[in-house]
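The values are calculated or read from the model by the stated rules, or taken from the named source; none is laboratory data. It should be emphasised that the depicted structure is a prediction, and the values quoted were computed from it without experimental measurement. Cβ atoms come from the backbone with ideal geometry, glycine included; neighbour counts cover every protein chain shown. All accessible areas refer to the heavy atoms of the entire protein, side chains included, with ligands and DNA or RNA removed. Shrake-Rupley method; radii C 1.70, N 1.55, O 1.52, S 1.80 Å.
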Amino acid sequence: MNNRVDLFVNKETKWQNEFAELRSIILSCKLDEDIKWGKPCYSFNGSNVVIIQGFKEYCAVLFFKGALLKDPGKILVKPGENTQAGRQIRFNSVSEIIKLKPVIKKYLLEAVEAEKAGLKVELRKSKELIVPDELLASFAELPSFKNAFYSLTPGRQRAYILFFSSAKQTQTRTGRIEKYMPKILKGKGMND
């Protein structure tokens, strides 16, 4: 058990009991515990296996390579439409977690076996993203912004481009770029 995770769980207000129950189940599978991305994260031999997440409407465990899991009960959920590897199991109460405890353990052990075997999720090639004109205009105005943007990881760049491009109107795209510019200049992703 990691003291940093103790602090995280103890200060959680909405999902404290659920996090404690999930943590107990995950630790019973002999995974290493740490805080990564501000959340309790569990790994096997240095490879991330699962992370506990809390959201407004639910809490979840996200399997980093969840696409490899068999999922006979069809309980795994893609967290976003562009997600390729990760899959969540979502919960609203401790009783739901207790009810699914055997399944959660089974999935955890299967995820560990995938790590032992060195399995990888085959990622499909993403189509070439088109950088919106409003973003290109911002780059022309502020070269430091362009440098900061292209210093981000490819996944963070992709997330921003998808988000900016999804707006139908120029005004909305420009507003989104202006809103997220400070984060990009600090080297942060949308959800960091």
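List the residues whose amide H sits under 5 Å from the amide H of Ile35, counting only those 5 or more places along or on another chain, with H placed 1.01 Å from N in the peptide plane.
Here Cys41 satisfy the definition.
On the principal axes of its Cα set, how long, how wide and how thick is the chain? Give whole Å, largest value first.
Result, largest extent first: 54, 37, 30 Å.
Only Cα pairs within less than 10 Å get springs; with that Gaussian network setup on the chain, which residue of Lys78, Lys99, Lys39 has the largest fluctuation?
Lys99
Pick from Asp71, Asp32, Asp133: which residue has the top mean-square fluctuation in a GNM of the chain where Cα pairs under 10 Å get a spring?
Maximum among the listed residues: Asp133.
In a GNM of the chain with a 10 Å cut-off on Cα contacts, which of Leu142, Leu152, Leu123 has the highest mean-square fluctuation?
Highest fluctuation of the listed residues: Leu142.
Output ³J(HN,Hα) for region 178-192: one whole-Hz value per residue in order, computed from phi by the Karplus curve 6.51 cos²θ - 1.76 cosθ + 1.60 with θ = phi - 60°, and x for Gly and Pro.
Karplus values, whole Hz, x for Gly and Pro: 5, 5, 8, 4, x, 5, 5, 4, 8, x, 9, x, 4, 9, 7.
Pop a pseudo-label 7 angstrom from the Cα along the beta-carbon direction at both Lys56 and Glu141 and give the gap in nm to one decimal.
2.9
Along the charge dipole of region 41-112, Cβ charges K/R +1 and D/E -1, which of Gly54, Ile104, Tyr42 sits furthest on the positive end?
Result: Ile104, furthest along the dipole toward the positive end.
Suppose each label sits 7 Å from its Cα in the direction of the beta carbon; what would the Leu119-Lys39 distance come out to in nanometres?
Rounded to a tenth, the inter-label distance reads 2.1 nm.
Multiply the residue separation of Met181 and Val131 by 0.36 nm, subtract the distance between their alpha-carbon atoms, and state the gained length in nm to one decimal.
Computed gain between Met181 and Val131 is 16.5 nm.
Where nothing but the Cβ of Lys and Arg (+1) and of Asp and Glu (-1) is charged, how large is the charge dipole of region 1-135 around its Cα centre, in debye to the nearest 20?
Dipole about the Cα centre, nearest 20: 380 debye.
At most 13 other Cβ atoms within 10 Å and a DSSP loop assignment: could you name the GluC sites (Glu not before Pro) in region 42-97 that fit?
Numbers: sites: Glu57, Glu81, Glu96; in loops: Glu57, Glu81.
Passing both the DSSP loop test and the Cβ count: Glu57, Glu81.
Quick check for you: with a 1.4 Å probe and neighbouring chains kept, what is the accessible area per residue of region 37-192, in Å²?
About 60 Å² of surface per residue is accessible.
What nm distance separates the two modelled labels at Asn10 and Ile98, each placed 7 Å from Cα along Cα→Cβ?
In this crude label model, Asn10 to Ile98 measures out at 2.5 nm.
Which length gain, in nm to one decimal place, applies between Asn3 and Thr172 when the Cα-Cα distance is subtracted from 0.36 nm times their residue separation?
56.5 nm
Sort 87-94, 12-19 for me by packing, meaning the mean count of neighbouring Cβ atoms within 10 Å per residue, highest on top.
Packing order, densest peptide first, comes out as 87-94, 12-19.
May I ask you to work out the translational diffusion coefficient for region 51-101 at 20 °C, viscosity 1.002 mPa s, via Stokes-Einstein with Rh from the Kirkwood sum over Cα pairs, reported in whole µm²/s? If you can, show how the numbers build up before the last one.
Numbers: Rh = 11.4 Å.
Approximately 188 µm²/s, per Stokes-Einstein.
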